[in-house]
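The values are calculated or read from the model by the stated rules, or taken from the named source; none is laboratory data. Nothing here was measured: the structure is a model prediction, and the numbers come from that model. All Cβ positions, even for glycine, are placed from backbone atoms using ideal geometry, and neighbour counts span all protein chains on display.
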Amino acid sequence: MPHHADRPTKDCMVCGRPFQWRKKWKDVWDDVRYCSDRCRNNRNQKSAQES
Ligand SMILES: [Zn+2]
């Protein structure tokens, strides 16, 4: 059994990786779709990488 199994997870809409509930999202968890600000900023760019 993994640790912190009690925390919910979602799959990021951009990178597709599962991410775990964070305290900062406690009030907006239903609306969270991205694992990070980076993915949120990339939401219209689907796996396109700019450098
Ligand atoms: Zn992501």
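Scanning segment 3-39 for residues that are β-branched (V, I, T) and within 8 Å of the ligand (Cβ to nearest atom) yields one hit, V14.
Yes/no matrix, rows are residues, columns are (1) assigned to a loop (DSSP other than H, G, I, E, B); (2) modelled with pLDDT under 95; (3) of a type in the set (K, R):
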{"position": "H3", "(1), (2), (3)": "yes, yes, no"}
{"position": "D6", "(1), (2), (3)": "yes, yes, no"}
{"position": "K10", "(1), (2), (3)": "no, no, yes"}
{"position": "G16", "(1), (2), (3)": "yes, no, no"}
{"position": "F19", "(1), (2), (3)": "no, no, no"}
{"position": "D27", "(1), (2), (3)": "yes, no, no"}
{"position": "R33", "(1), (2), (3)": "yes, no, yes"}
{"position": "R43", "(1), (2), (3)": "yes, yes, yes"}
